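Note sheet for the following structure.
The values are calculated or read from the model by the stated rules, or taken from the named source; none is laboratory data. Owing to the predicted nature of the structure, the values given are computational and were not obtained by experimental measurement. Here the Cβ is made from the backbone with ideal geometry for all residues, glycine too, and neighbour counts use every protein chain on show. Just the protein is used for accessible areas: all its heavy atoms, side chains included, with ligands, DNA and RNA removed. Shrake-Rupley method; radii C 1.70, N 1.55, O 1.52, S 1.80 Å.
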Amino acid sequence: MQPTTKLDGLQCGRAVAALMVAVFHANVFLLPAKFYDGQGAGAIFGFGYAGVEFFFVLSGFIMMFVHGRDLGHPDKVGTFLSKRILRIYPIYWIILTVLLLLYVLSPGSGPQHAQDPIAILASYLLFPQPDNGPIMRVAWTLQHEMLFYLIFATLLINLRLGIALSAVWVCGCLAVLVSGVDTAYPVGFFFKSHNLLFLFGVAVGAVVRRVPQSMARICFWGGALAFVSLGAFESLNDAPLPEAWMPIPYGVASAFIIIGLANGVLPAPRWLTLLGDASYAIYLVHMPTMTIAAVFIARSGLHHILHPLAMLGLILLLVSVVGVFVHRAVEKPLLSYFKRRASPIVKAQI
(Lines give C-alpha, C1' and ligand atoms only; values in the text may rest on other atoms or scores of the structure.)
Protein backbone atom coordinates (compact mmCIF):
# COMPACT_ATOMS: atom_id res chain seq x y z
CA MET A 1 0.00 0.00 0.00
CA GLN A 2 1.25 3.46 -0.85
CA PRO A 3 1.68 5.48 2.35
CA THR A 4 -0.18 8.76 2.47
CA THR A 5 -1.00 10.97 5.41
CA LYS A 6 -4.53 11.83 4.35
CA LEU A 7 -5.45 9.03 1.96
CA ASP A 8 -6.48 11.65 -0.58
CA GLY A 9 -7.88 9.06 -2.94
CA LEU A 10 -10.45 8.13 -0.32
CA GLN A 11 -11.33 11.81 0.10
CA CYS A 12 -12.08 11.91 -3.62
CA GLY A 13 -14.32 8.89 -3.11
CA ARG A 14 -16.11 10.72 -0.31
CA ALA A 15 -16.67 13.69 -2.60
CA VAL A 16 -18.16 11.60 -5.39
CA ALA A 17 -20.40 9.72 -2.95
CA ALA A 18 -21.73 12.92 -1.35
CA LEU A 19 -22.43 14.47 -4.74
CA MET A 20 -24.15 11.29 -5.89
CA VAL A 21 -26.59 11.52 -2.99
CA ALA A 22 -27.21 15.20 -3.73
CA VAL A 23 -27.83 14.43 -7.40
CA PHE A 24 -30.26 11.67 -6.46
CA HIS A 25 -32.32 13.90 -4.17
CA ALA A 26 -32.35 16.76 -6.65
CA ASN A 27 -33.28 14.56 -9.61
CA VAL A 28 -35.88 12.39 -7.91
CA PHE A 29 -37.54 14.91 -5.59
CA LEU A 30 -36.63 18.54 -6.25
CA LEU A 31 -36.73 18.89 -10.02
CA PRO A 32 -39.96 16.93 -10.60
CA ALA A 33 -41.83 18.56 -7.70
CA LYS A 34 -40.67 22.16 -8.01
CA PHE A 35 -39.76 22.88 -11.62
CA TYR A 36 -40.56 20.37 -14.35
CA ASP A 37 -43.96 18.81 -13.63
CA GLY A 38 -42.79 15.36 -12.65
CA GLN A 39 -39.75 15.29 -14.90
CA GLY A 40 -36.17 14.96 -13.71
CA ALA A 41 -32.89 15.35 -15.54
CA GLY A 42 -32.76 11.68 -16.51
CA ALA A 43 -33.39 8.19 -15.18
CA ILE A 44 -29.66 7.43 -15.21
CA PHE A 45 -29.22 9.50 -12.05
CA GLY A 46 -31.57 7.24 -10.12
CA PHE A 47 -28.80 5.19 -8.52
CA GLY A 48 -27.21 8.19 -6.82
CA TYR A 49 -28.60 6.94 -3.51
CA ALA A 50 -25.90 4.26 -3.60
CA GLY A 51 -23.43 6.89 -2.46
CA VAL A 52 -24.72 6.00 1.01
CA GLU A 53 -23.65 2.40 0.50
CA PHE A 54 -20.16 3.62 -0.37
CA PHE A 55 -20.09 5.77 2.77
CA PHE A 56 -21.03 2.82 4.99
CA VAL A 57 -18.30 0.59 3.55
CA LEU A 58 -15.80 3.44 3.82
CA SER A 59 -16.75 4.00 7.45
CA GLY A 60 -16.05 0.35 8.29
CA PHE A 61 -12.74 0.57 6.44
CA ILE A 62 -11.61 3.72 8.27
CA MET A 63 -12.47 2.27 11.67
CA MET A 64 -10.44 -0.86 11.03
CA PHE A 65 -7.60 0.90 9.22
CA VAL A 66 -7.13 3.51 11.95
CA HIS A 67 -8.11 1.54 15.05
CA GLY A 68 -7.28 -2.05 14.11
CA ARG A 69 -4.29 -2.08 16.44
CA ASP A 70 -6.51 -0.89 19.28
CA LEU A 71 -8.65 -4.04 19.27
CA GLY A 72 -8.63 -5.65 22.69
CA HIS A 73 -7.24 -2.52 24.35
CA PRO A 74 -9.95 -1.10 26.63
CA ASP A 75 -7.77 1.91 27.46
CA LYS A 76 -8.30 3.09 23.86
CA VAL A 77 -12.12 3.09 23.93
CA GLY A 78 -12.43 6.56 25.45
CA THR A 79 -10.25 8.06 22.72
CA PHE A 80 -12.19 6.19 20.05
CA LEU A 81 -15.63 7.30 21.23
CA SER A 82 -14.47 10.87 21.86
CA LYS A 83 -13.18 11.07 18.31
CA ARG A 84 -16.39 9.73 16.82
CA ILE A 85 -18.69 11.95 18.92
CA LEU A 86 -16.73 15.10 18.13
CA ARG A 87 -16.69 14.23 14.44
CA ILE A 88 -20.39 13.47 14.12
CA TYR A 89 -22.41 15.52 16.60
CA PRO A 90 -21.33 19.20 16.83
CA ILE A 91 -21.75 20.18 13.18
CA TYR A 92 -24.88 18.01 12.98
CA TRP A 93 -26.38 19.81 15.98
CA ILE A 94 -25.71 23.19 14.38
CA ILE A 95 -27.30 22.25 11.05
CA LEU A 96 -30.27 20.61 12.79
CA THR A 97 -30.80 23.71 14.95
CA VAL A 98 -30.77 25.97 11.88
CA LEU A 99 -33.22 23.62 10.18
CA LEU A 100 -35.59 23.71 13.17
CA LEU A 101 -35.43 27.51 13.23
CA LEU A 102 -36.35 27.59 9.55
CA TYR A 103 -39.34 25.37 10.30
CA VAL A 104 -40.42 27.83 13.02
CA LEU A 105 -40.08 30.77 10.64
CA SER A 106 -41.98 28.92 7.92
CA PRO A 107 -44.80 27.00 9.64
CA GLY A 108 -45.87 23.84 7.84
CA SER A 109 -42.64 23.53 5.90
CA GLY A 110 -41.20 20.75 8.04
CA PRO A 111 -42.39 17.29 9.03
CA GLN A 112 -45.14 17.14 11.63
CA HIS A 113 -42.93 15.56 14.28
CA ALA A 114 -40.56 18.55 14.07
CA GLN A 115 -42.89 20.11 16.66
CA ASP A 116 -42.71 17.15 19.03
CA PRO A 117 -40.19 17.73 21.87
CA ILE A 118 -39.50 14.00 22.20
CA ALA A 119 -38.82 13.68 18.48
CA ILE A 120 -36.59 16.76 18.59
CA LEU A 121 -34.56 15.36 21.49
CA ALA A 122 -34.29 11.97 19.79
CA SER A 123 -33.10 13.66 16.61
CA TYR A 124 -30.42 15.59 18.46
CA LEU A 125 -29.21 12.41 20.14
CA LEU A 126 -29.59 10.32 16.95
CA PHE A 127 -31.78 7.87 18.82
CA PRO A 128 -34.03 5.90 16.44
CA GLN A 129 -37.77 6.09 17.05
CA PRO A 130 -40.42 3.50 16.23
CA ASP A 131 -42.86 5.87 14.52
CA ASN A 132 -40.76 8.57 12.88
CA GLY A 133 -37.43 8.97 11.22
CA PRO A 134 -35.08 11.75 12.33
CA ILE A 135 -36.25 15.31 11.65
CA MET A 136 -33.28 15.80 9.34
CA ARG A 137 -34.13 13.00 6.97
CA VAL A 138 -30.59 12.14 5.91
CA ALA A 139 -29.64 11.57 9.56
CA TRP A 140 -30.97 8.00 9.40
CA THR A 141 -27.52 7.06 8.12
CA LEU A 142 -25.90 8.71 11.15
CA GLN A 143 -28.04 6.58 13.43
CA HIS A 144 -26.58 3.47 11.81
CA GLU A 145 -23.09 4.96 12.00
CA MET A 146 -23.44 5.44 15.74
CA LEU A 147 -24.74 1.90 16.14
CA PHE A 148 -21.69 0.60 14.30
CA TYR A 149 -19.34 2.72 16.41
CA LEU A 150 -20.83 1.31 19.62
CA ILE A 151 -20.43 -2.25 18.41
CA PHE A 152 -16.90 -1.54 17.20
CA ALA A 153 -16.15 -0.06 20.63
CA THR A 154 -16.90 -3.44 22.21
CA LEU A 155 -14.07 -4.90 20.13
CA LEU A 156 -11.75 -2.47 21.89
CA ILE A 157 -13.16 -3.19 25.34
CA ASN A 158 -12.98 -6.97 25.02
CA LEU A 159 -12.03 -8.61 21.75
CA ARG A 160 -13.86 -11.89 22.39
CA LEU A 161 -16.99 -10.13 23.56
CA GLY A 162 -16.82 -7.79 20.59
CA ILE A 163 -16.44 -10.64 18.12
CA ALA A 164 -19.37 -12.48 19.71
CA LEU A 165 -21.58 -9.38 19.61
CA SER A 166 -20.54 -8.64 16.03
CA ALA A 167 -21.33 -12.22 15.02
CA VAL A 168 -24.81 -11.98 16.55
CA TRP A 169 -25.33 -8.66 14.77
CA VAL A 170 -24.22 -9.99 11.41
CA CYS A 171 -26.26 -13.19 11.78
CA GLY A 172 -29.32 -11.15 12.72
CA CYS A 173 -28.89 -8.93 9.66
CA LEU A 174 -28.47 -11.96 7.42
CA ALA A 175 -31.49 -13.70 8.94
CA VAL A 176 -33.73 -10.68 8.38
CA LEU A 177 -32.38 -10.25 4.87
CA VAL A 178 -32.84 -13.87 3.84
CA SER A 179 -36.28 -14.14 5.44
CA GLY A 180 -37.56 -11.29 3.31
CA VAL A 181 -39.81 -10.16 6.15
CA ASP A 182 -40.50 -6.43 6.32
CA THR A 183 -39.54 -5.87 9.96
CA ALA A 184 -40.49 -2.86 12.04
CA TYR A 185 -38.47 -1.11 14.74
CA PRO A 186 -36.42 -2.20 16.61
CA VAL A 187 -35.54 -5.27 14.52
CA GLY A 188 -35.76 -3.29 11.30
CA PHE A 189 -33.20 -0.82 12.61
CA PHE A 190 -30.72 -3.05 14.41
CA PHE A 191 -30.70 -5.69 11.68
CA LYS A 192 -31.14 -3.60 8.55
CA SER A 193 -29.16 -4.99 5.60
CA HIS A 194 -27.21 -1.72 5.31
CA ASN A 195 -25.43 -2.66 8.54
CA LEU A 196 -23.63 -5.47 6.72
CA LEU A 197 -21.77 -2.87 4.67
CA PHE A 198 -19.74 -1.83 7.68
CA LEU A 199 -18.46 -5.41 7.86
CA PHE A 200 -17.34 -5.20 4.22
CA GLY A 201 -15.33 -2.12 5.09
CA VAL A 202 -13.81 -3.73 8.19
CA ALA A 203 -12.71 -6.68 6.04
CA VAL A 204 -11.05 -4.32 3.55
CA GLY A 205 -9.33 -2.46 6.37
CA ALA A 206 -7.90 -5.73 7.65
CA VAL A 207 -6.30 -6.76 4.34
CA VAL A 208 -5.67 -3.59 2.35
CA ARG A 209 -2.04 -3.15 3.47
CA ARG A 210 -1.21 -6.55 1.98
CA VAL A 211 -2.76 -5.91 -1.45
CA PRO A 212 -0.14 -5.38 -4.19
CA GLN A 213 -0.44 -2.22 -6.26
CA SER A 214 -1.19 -4.14 -9.45
CA MET A 215 -4.01 -6.06 -7.77
CA ALA A 216 -5.35 -2.86 -6.19
CA ARG A 217 -5.65 -1.31 -9.64
CA ILE A 218 -7.63 -4.32 -10.87
CA CYS A 219 -9.84 -4.14 -7.77
CA PHE A 220 -10.57 -0.47 -8.36
CA TRP A 221 -11.51 -0.71 -12.02
CA GLY A 222 -13.46 -3.93 -11.51
CA GLY A 223 -15.35 -2.43 -8.59
CA ALA A 224 -16.04 0.83 -10.42
CA LEU A 225 -17.29 -1.03 -13.49
CA ALA A 226 -19.57 -3.24 -11.37
CA PHE A 227 -20.90 -0.27 -9.38
CA VAL A 228 -21.71 1.85 -12.43
CA SER A 229 -23.08 -1.08 -14.44
CA LEU A 230 -25.39 -2.10 -11.60
CA GLY A 231 -26.49 1.50 -11.16
CA ALA A 232 -27.17 2.02 -14.84
CA PHE A 233 -29.12 -1.22 -15.08
CA GLU A 234 -31.16 -0.40 -12.00
CA SER A 235 -31.88 3.15 -13.18
CA LEU A 236 -32.96 2.18 -16.67
CA ASN A 237 -34.77 -1.04 -15.76
CA ASP A 238 -36.35 -2.60 -12.72
CA ALA A 239 -34.01 -3.31 -9.83
CA PRO A 240 -32.43 -6.75 -10.36
CA LEU A 241 -32.85 -7.65 -6.68
CA PRO A 242 -35.39 -6.93 -3.92
CA GLU A 243 -34.86 -3.55 -2.28
CA ALA A 244 -33.35 -4.99 0.91
CA TRP A 245 -30.76 -6.90 -1.13
CA MET A 246 -29.58 -3.97 -3.28
CA PRO A 247 -27.07 -2.61 -0.74
CA ILE A 248 -25.12 -5.88 -0.91
CA PRO A 249 -23.80 -5.74 -4.51
CA TYR A 250 -23.22 -1.99 -4.20
CA GLY A 251 -21.33 -2.66 -0.99
CA VAL A 252 -19.15 -5.37 -2.54
CA ALA A 253 -18.33 -3.09 -5.47
CA SER A 254 -17.56 -0.25 -3.05
CA ALA A 255 -15.20 -2.50 -1.12
CA PHE A 256 -13.15 -3.16 -4.25
CA ILE A 257 -13.17 0.53 -5.17
CA ILE A 258 -11.85 1.40 -1.71
CA ILE A 259 -9.02 -1.12 -2.02
CA GLY A 260 -7.89 0.76 -5.10
CA LEU A 261 -8.37 4.25 -3.72
CA ALA A 262 -6.56 3.41 -0.48
CA ASN A 263 -3.60 2.23 -2.54
CA GLY A 264 -3.48 5.46 -4.53
CA VAL A 265 -4.22 3.97 -7.95
CA LEU A 266 -5.65 7.27 -9.19
CA PRO A 267 -4.39 10.84 -8.90
CA ALA A 268 -6.28 12.98 -6.38
CA PRO A 269 -7.08 16.45 -7.78
CA ARG A 270 -6.96 19.17 -5.13
CA TRP A 271 -10.47 20.43 -5.92
CA LEU A 272 -11.91 16.95 -5.47
CA THR A 273 -10.07 16.33 -2.20
CA LEU A 274 -11.44 19.69 -1.00
CA LEU A 275 -14.96 18.46 -1.74
CA GLY A 276 -14.06 15.23 0.04
CA ASP A 277 -12.94 17.17 3.10
CA ALA A 278 -16.31 18.96 2.98
CA SER A 279 -18.32 15.82 2.17
CA TYR A 280 -19.93 15.51 5.61
CA ALA A 281 -21.01 19.16 5.52
CA ILE A 282 -22.27 18.71 1.95
CA TYR A 283 -24.27 15.68 3.03
CA LEU A 284 -25.87 17.54 5.94
CA VAL A 285 -26.72 20.77 4.10
CA HIS A 286 -27.64 19.56 0.65
CA MET A 287 -31.38 19.11 1.19
CA PRO A 288 -31.97 22.39 3.10
CA THR A 289 -29.86 24.17 0.49
CA MET A 290 -31.92 22.70 -2.34
CA THR A 291 -35.19 23.60 -0.65
CA ILE A 292 -34.20 27.23 -0.06
CA ALA A 293 -32.64 27.59 -3.51
CA ALA A 294 -35.82 26.23 -5.11
CA VAL A 295 -37.84 29.14 -3.70
CA PHE A 296 -35.59 31.75 -5.29
CA ILE A 297 -35.19 29.85 -8.55
CA ALA A 298 -38.96 29.47 -8.88
CA ARG A 299 -39.47 33.21 -8.28
CA SER A 300 -36.83 34.08 -10.86
CA GLY A 301 -38.36 31.85 -13.52
CA LEU A 302 -34.95 30.41 -14.27
CA HIS A 303 -36.44 26.94 -14.59
CA HIS A 304 -38.30 28.11 -17.70
CA ILE A 305 -34.97 28.83 -19.34
CA LEU A 306 -32.75 26.03 -18.13
CA HIS A 307 -32.95 22.44 -19.31
CA PRO A 308 -33.43 19.98 -16.41
CA LEU A 309 -29.86 18.75 -16.84
CA ALA A 310 -28.52 22.31 -16.57
CA MET A 311 -30.74 22.89 -13.53
CA LEU A 312 -29.32 19.76 -11.93
CA GLY A 313 -25.83 21.10 -12.54
CA LEU A 314 -26.74 24.45 -11.00
CA ILE A 315 -28.22 22.81 -7.91
CA LEU A 316 -25.14 20.63 -7.55
CA LEU A 317 -22.89 23.69 -7.78
CA LEU A 318 -24.91 25.54 -5.13
CA VAL A 319 -24.85 22.54 -2.81
CA SER A 320 -21.08 22.19 -3.25
CA VAL A 321 -20.42 25.87 -2.60
CA VAL A 322 -22.61 25.94 0.52
CA GLY A 323 -21.12 22.67 1.77
CA VAL A 324 -17.55 23.90 1.34
CA PHE A 325 -18.44 27.18 3.03
CA VAL A 326 -20.00 25.40 6.01
CA HIS A 327 -16.99 23.10 6.21
CA ARG A 328 -14.49 25.94 6.24
CA ALA A 329 -16.47 28.46 8.26
CA VAL A 330 -18.09 26.13 10.80
CA GLU A 331 -17.00 22.50 10.76
CA LYS A 332 -13.24 23.00 10.45
CA PRO A 333 -13.04 25.69 13.17
CA LEU A 334 -15.17 23.49 15.43
CA LEU A 335 -12.82 20.54 14.99
CA SER A 336 -9.82 22.81 15.59
CA TYR A 337 -11.43 24.13 18.75
CA PHE A 338 -12.05 20.65 20.12
CA LYS A 339 -8.58 19.57 19.10
CA ARG A 340 -7.04 22.42 21.12
CA ARG A 341 -9.09 21.47 24.18
CA ALA A 342 -8.65 17.71 23.86
CA SER A 343 -6.17 15.61 25.78
CA PRO A 344 -2.89 14.99 23.92
CA ILE A 345 -3.96 11.44 22.98
CA VAL A 346 -7.33 12.46 21.56
CA LYS A 347 -5.85 15.63 20.04
CA ALA A 348 -3.55 13.66 17.79
CA GLN A 349 -6.46 11.75 16.26
CA ILE A 350 -9.29 14.26 15.75
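If you take the square roots of the eigenvalues of the alpha-carbon gyration tensor of segment 126-189 and sort them as a ≥ b ≥ c, do you get rounded (a/c under 1.5), prolate (a/b over b/c) or oblate?
Taking the square roots of the gyration eigenvalues as a ≥ b ≥ c, segment 126-189 is oblate.
I need the P(r) histogram for segment 263-343: all alpha carbon pairs, bin width 10 Å from 0 out to the longest distance, whole percents.
All Cα pairs, binned at 10 Å, distribute as 16, 36, 28, 14, 5, 0 percent.
Please list, in order, the residues from segment 183-204 whose amide nitrogen is less than 20 Å from a point placed 7 Å along the Cα→Cβ vector of Q112.
Answer for this model: 185.
I'd like the carbon and sulfur percentage of the solvent accessible area for segment 52-160, probe radius 1.4 Å, heavy atoms only, ligands and nucleic acids excluded.
It is 64 percent, rounded to a whole number.
Could you work out the helix-only [θ] at 222 nm for the chain, with each DSSP H run of four or more residues adding -39,500 (n - 2.57) and the total divided by the number of residues, to the nearest 500 deg cm²/dmol?
That calculation yields -21500 deg cm²/dmol at 222 nm.
What are the ³J(HN,Hα) values, in whole Hz, obtained from phi via the Karplus relation 6.51 cos²θ - 1.76 cosθ + 1.60 with θ = phi - 60°, for each residue of segment 259-275 in sequence order, with x given for Gly and Pro?
Going residue by residue, I get 4, x, 5, 5, 9, x, 6, 10, x, 10, x, 4, 5, 7, 5, 4, 5 Hz, with x marking Gly and Pro.
Report the FRET efficiency, 1/(1 + (r/R0)^6), for A329 and R299, where r is their Cβ-Cβ distance and R0 is 30 Å, rounded to 0.05.
Efficiency at R0 = 30 Å is approximately 0.70.
Would you work out the relative contact order for the chain, in percent, from Cα pairs under 8 angstrom that are 6 or more residues apart?
With pairs under 8 Å counted, the relative contact order is 32 percent.
Give me the percent of accessible area attributable to carbon and sulfur for segment 172-238, probe 1.4 angstrom.
It is 71 percent, rounded to a whole number.
Apply the a/c threshold of 1.5 to the C-alpha gyration tensor of segment 60-182 and tell me whether it is rounded, prolate or oblate.
Since a/c reaches 1.5 but b/c is at least a/b, the shape of segment 60-182 is classed as oblate.
Can you pick out the pairs among K76/K339; K192/K332; K83/K332 whose Cα atoms lie more than 21 Å from each other?
From K76/K339; K192/K332; K83/K332, over 21 Å: K192/K332.
Working out 0.36 nm times the residue gap between W245 and Y185, then minus their Cα-Cα distance, what length gain in nm do you get to one decimal?
Fully extending the segment from W245 to Y185 adds 19.7 nm.
Calculate, for I44 and D75, the FRET efficiency according to 1/(1 + (r/R0)^6) with r their C-beta to C-beta distance and R0 51 Å; round to the nearest 0.05.
0.55
Once a ≥ b ≥ c are taken as the square roots of the eigenvalues of the Cα gyration tensor of the chain, is the result rounded (a/c under 1.5), prolate (a/b larger than b/c) or oblate (a/b not larger than b/c)?
Note, shape of the chain comes out rounded.
Project the alpha carbons of segment 150-288 onto their principal axes and report the range along each, largest first, in whole Å.
Answer, in whole Å and largest first: 43, 42, 36 Å.
Considering only protein heavy atoms, what per residue accessible area in square angstrom results for segment 208-346 with a 1.4 angstrom probe?
Per residue, segment 208-346 has an accessible area of 52 Å².
Ranked highest first by the average count of other Cβ atoms within 10 Å around their residues, in what order do 208-219, 100-111 fall?
Final packing ranking: 208-219, 100-111.
With labels modelled as points extended 7 Å from the Cα through the Cβ direction, what inter-label distance (nm, one decimal) is found for Y36 paired with L105?
In this crude label model, Y36 to L105 measures out at 3.0 nm.
Could you state the accessible area per residue of segment 44-141 in Å², with a 1.4 Å probe and every protein chain left in place?
47
By per-residue mean of other Cβ atoms within 10 Å, what is the highest-first order of 128-141, 51-64, 17-30?
51-64, 17-30, 128-141
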